[in-house]
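Enquirer: Pasting in a structure now, in structure tokens, and then I'll have a few things to ask.
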Amino acid sequence: MDHFEYRNGRLWCEGVPAEDLAARFGTPLYVYSRATLEGHYDRLAAAFADLRPLICYSIKSCSNVHVCRVLVERGAGLDAVSGGEVERARRAGCPMERVVYAGVGKTDAEIEDALCGMGSASLPAHGQAARARLAHATRIGLFNIESEPEFENIARLARERGVRCRGALRINPDVDPKTHAYTSTGRKESKFGVGIARAVRFFERYGRDEWLTLDALHLHIGSPVYETGPYVEAIRKTLGLIDDLAGRGFTVRTLDLGGGFGADYETERSPRAADYAAAIVPLLRERVAGGLSIILEPGRQISANAGVLLTKVLYVKDGGGGKRFIIGDAGMHTLIRPALYGSFHFIWPASPAGGASGGVPARRTGVPDLPGLSPCDVVGPICESADFLAKDRMLPPVSRGDVLAVFAAGAYGMSMASTYNTQPLPAEVMVEGDAARVIRRRQALDELLAPEA
Ligand SMILES: Cc1ncc(COP(=O)(O)O)c(C=O)c1O
């Protein structure tokens, strides 16, 4: 699952005790394990090897350039959803043809940068030749396109700039991913993509564009998707569409399956990479042999379990009725998933009372099978009742100054953090064996306030 484990009653990240990291770098602190990132990527690559996919790690899940670089060095491409993320991909050293660019609201400046390279929007219009030369090296691999007006806009900009590019139409296969409503994206009422019938009309209208070659399909049904069935249903529908399009003279060369593979927020919560692959690979093996190329966009399955959030207990408050409030320095501003989606994160002291003789449950779960626990809300310093990391959670005794670890916080943790209540952003640290380095320094209050100076 990951390289965060208790040894003799202390939490270790690879070869470094979590408490040492908290003492050295302060809290709240995001800690990533390089070995975990690499292990998750490698397992996905091995599981799907028969399809020879381009695995485009979803930047949005954990955006730090150093995290992206670890994966790019492993052979990953990157899935970006904004001009900012395309720039992160560049800084991570990702060859631009390995970048896919999705998102329903791409601006003209973002599209130009993705077409022609960062800063190209400021080149004069007559600098077309220079732009086209630059584009060879800096153009992203695939625009994932969500609507007719977006297609027209990208095609227009490509024509005006004299730069050819490729597009995938995002389709909406109308399957239920059985996940939170906020992260269900493949149903027909979703703002993403177009339905299958509309996709046919889309190809008939735009499938022969000279500047924006439409020869790919993209889908992302939601996340996390804890069953393989919705993928199977979505892929079957999509293969039907590919055959229909072939009959009309349109060849789909690339199929981007999106992301959404689950992570172990609880021990063994999610299917493994191999389980997803066992359901998906047989559907696509022959198509790949026939020339179809496959893209995957996993985020959380790579990054979620690769990160923990360390928070220090500021106060323990008796809430009456036997409930305690554990008030820490991390809250909804540091990790918004519990407040936004009601998400579960396993939380446990980095050095629980009981030390080497026990005090650590065998499984990460909301109801640990240990004596001496009592119900707690783990909350932050933010002035909102939604500011919690866990509610009614059975936890052992903790005291002011203790460090708590919030597990599986690598995905949609730091990348969704905010400065609400004028709280500076936390630091991020990468652990590699028994070494740890800062990969994003803690935001200083002066930096936070600088734009208002
Ligand atoms: C288009 C697309 N691809 C990939 C992902 C990554 O999802 P996950 O991190 O669950 O794998 C998302 C997440 O929202 C997405 O919208």
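The values are calculated or read from the model by the stated rules, or taken from the named source; none is laboratory data. Everything numeric here is computed off the predicted structure, so don't read it as measured data. When we count neighbours, we look across all protein chains shown, and the Cβ atoms used for this are built from the backbone with ideal geometry, even at glycine.
Enquirer: Mind listing whichever residues of segment 250-285 are farther than 20 Å from THR238 by Cβ, small (Gly, Ala, Ser) and away from the ligand (no atom under 16 Å from the Cβ)?
Expert: Start the filter on segment 250-285 by keeping residues that are farther than 20 Å from THR238 by Cβ, which leaves 262-275.
Next, only the ones that are small (Gly, Ala, Ser) stay: 262-263, 270, 273-274.
Of everything in segment 250-285, just one residue is farther than 20 Å from THR238 by Cβ, small (Gly, Ala, Ser) and away from the ligand (no atom under 16 Å from the Cβ), namely ALA274.
Enquirer: State which residue pairs qualify: first residue assigned to a strand (DSSP E or B) and inside segment 364-390, second residue among the acidic types (Asp, Glu) in any location, beta carbons under 8 Å apart, and separation of 6 or more residues or different chains.
Expert: The qualifying pairs are PRO375/ASP392; CYS376/ASP392; ASP377/ASP392; VAL379/ASP387; PHE388/ASP377; ALA390/ASP377.
Enquirer: I've got another one for you. Those residues that are surrounded by fewer than 22 Cβ atoms within 10 Å (Cβ to Cβ), under 23 Å from ALA274 (Cα atoms) and of a type in the set (Gly, Ala, Ser), I need them from segment 49-93; list them, please.
Expert: The answer is ALA49, GLY75.
Enquirer: Filter segment 35-48 down to the residues that are surrounded by 20 or more Cβ atoms within 10 Å (Cβ to Cβ) and not hydrophobic (A, V, I, L, M, F, W, C), then identify the one that is nearest to ALA427 (Cα to Cα).
Expert: The extreme case among them is THR36.
Enquirer: Just checking, how many residues over segment 126-176 are at pLDDT 80 or above and in a helix (DSSP H, G or I)?
Expert: Residues flagged as at pLDDT 80 or above and in a helix (DSSP H, G or I) within segment 126-176 amount to 14.
Enquirer: Could you figure out which of (1) closer than 25 Å to LEU219 by Cα; (2) of a type in the set (S, T, N, Q); (3) modelled with pLDDT under 85 isn't true of SER122?
Expert: (1)
Yes or no, residue by residue, for (1) charged (D, E, K, R); (2) under 20 Å from the mean Cα position of the chain (by Cα); (3) in a loop (DSSP other than H, G, I, E, B); (4) not assigned by TED's automatic domain parsing to the domain that holds ILE439:
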| position | (1), (2), (3), (4) |
| --- | --- |
| THR27 | no, no, yes, no |
| LYS60 | yes, yes, no, yes |
| GLY75 | no, yes, yes, yes |
| GLY84 | no, yes, no, yes |
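Enquirer: Let me ask something additional. May I ask you to list pairs of residues, at least six apart or on different chains, whose Cβ atoms are under 7 Å apart, with the first in segment 431-450 being among the hydrophobic types (A, V, I, L, M, F, W, C) and the second being assigned to a loop (DSSP other than H, G, I, E, B)?
Expert: VAL431/GLU14; ILE439/ASN64; ALA444/PRO424; LEU445/PRO424; LEU448/THR419; LEU448/THR422; LEU448/PRO424
Enquirer: Follow-up question, since we're still on this one. Looking for whichever is surrounded by fewer than 23 Cβ atoms within 10 Å (Cβ to Cβ), within 25 Å of PRO17 (Cα to Cα) and not basic (Lys, Arg) here; the options are VAL308, VAL313. Which one fits? Outline the logic, then answer.
Expert: Values: VAL308 fails: surrounded by fewer than 23 Cβ atoms within 10 Å (Cβ to Cβ).
Within the list VAL308, VAL313, the selection yields VAL313.
Enquirer: Here's another thing I want to ask about it. Checking THR27 against (1) under 20 Å from GLU266 (Cβ atoms); (2) of a type in the set (S, T, N, Q); (3) in contact with a Lys or Arg (Cβ under 8 Å, 6 or more places away or on another chain), only one condition comes out false. Which one?
Expert: Among (1) under 20 Å from GLU266 (Cβ atoms); (2) of a type in the set (S, T, N, Q); (3) in contact with a Lys or Arg (Cβ under 8 Å, 6 or more places away or on another chain), THR27 violates only (1).
Enquirer: Same structure, new question: How many of the residues in segment 9-24 are part of a helix (DSSP H, G or I) and either of a type in the set (Ser, Thr, Tyr) or surrounded by fewer than 20 Cβ atoms within 10 Å (Cβ to Cβ) (or both)? Show your work before the answer.
Expert: Here is the first cut: in segment 9-24, the ones part of a helix (DSSP H, G or I) are 18-24.
Within this subset, residues satisfying the condition of being either of a type in the set (Ser, Thr, Tyr) or surrounded by fewer than 20 Cβ atoms within 10 Å (Cβ to Cβ) (or both) are 19-20, 23-24.
Total meeting the criteria: 4.
Enquirer: Suppose we keep only residues that are away from the ligand (no atom under 16 Å from the Cβ) and surrounded by 17 or more Cβ atoms within 10 Å (Cβ to Cβ) within segment 286-305. Which one would you say is nearest to GLY75 (Cα to Cα)?
Expert: So in segment 286-305, the residues away from the ligand (no atom under 16 Å from the Cβ) come out as 286-293.
Now drop any that are not surrounded by 17 or more Cβ atoms within 10 Å (Cβ to Cβ), which leaves 287, 292.
Details: ARG287: 23, LEU292: 20 Å.
By that ranking, first place goes to LEU292.
Enquirer: While we're looking at this one, here's another question. All but one of (1) more than 16 Å from the ligand (Cβ to nearest atom); (2) closer than 14 Å to LEU389 by Cβ hold for ALA427; which doesn't?
Expert: (2)
Enquirer: Would you confirm whether or not segment 304-320 contains a residue that is acidic (Asp, Glu), in the same structural domain as TYR412 (by TED's automatic domain parsing) and more than 19 Å from the chain's Cα centre (by Cα)? Even if it seems obvious, please write down each step before you answer.
Expert: Restricting attention to segment 304-320, the residues satisfying the condition of being acidic (Asp, Glu) are 318.
Filter once more, keeping what is in the same structural domain as TYR412 (by TED's automatic domain parsing): 318.
Right, trim to more than 19 Å from the chain's Cα centre (by Cα) and you get 318.
Yes, segment 304-320 contains a residue that is acidic (Asp, Glu), in the same structural domain as TYR412 (by TED's automatic domain parsing) and more than 19 Å from the chain's Cα centre (by Cα).
Enquirer: Would you say ALA417 is among the aliphatic types (A, V, I, L, M) and either surrounded by 14 or more Cβ atoms within 10 Å (Cβ to Cβ) or not assigned by TED's automatic domain parsing to the domain that holds TYR341 (or both)?
Expert: Considered against the rule, which asks whether it is among the aliphatic types (A, V, I, L, M) and either surrounded by 14 or more Cβ atoms within 10 Å (Cβ to Cβ) or not assigned by TED's automatic domain parsing to the domain that holds TYR341 (or both), ALA417 comes out as yes.
Enquirer: Does ALA23 satisfy the condition of being farther than 27 Å from ALA278 by Cβ and in contact with a Leu (Cβ under 6 Å, 6 or more places away or on another chain)? Break it down into steps so the answer makes sense when it comes.
Expert: Values: farther than 27 Å from ALA278 by Cβ: yes; in contact with a Leu (Cβ under 6 Å, 6 or more places away or on another chain): no.
The answer is no for ALA23.
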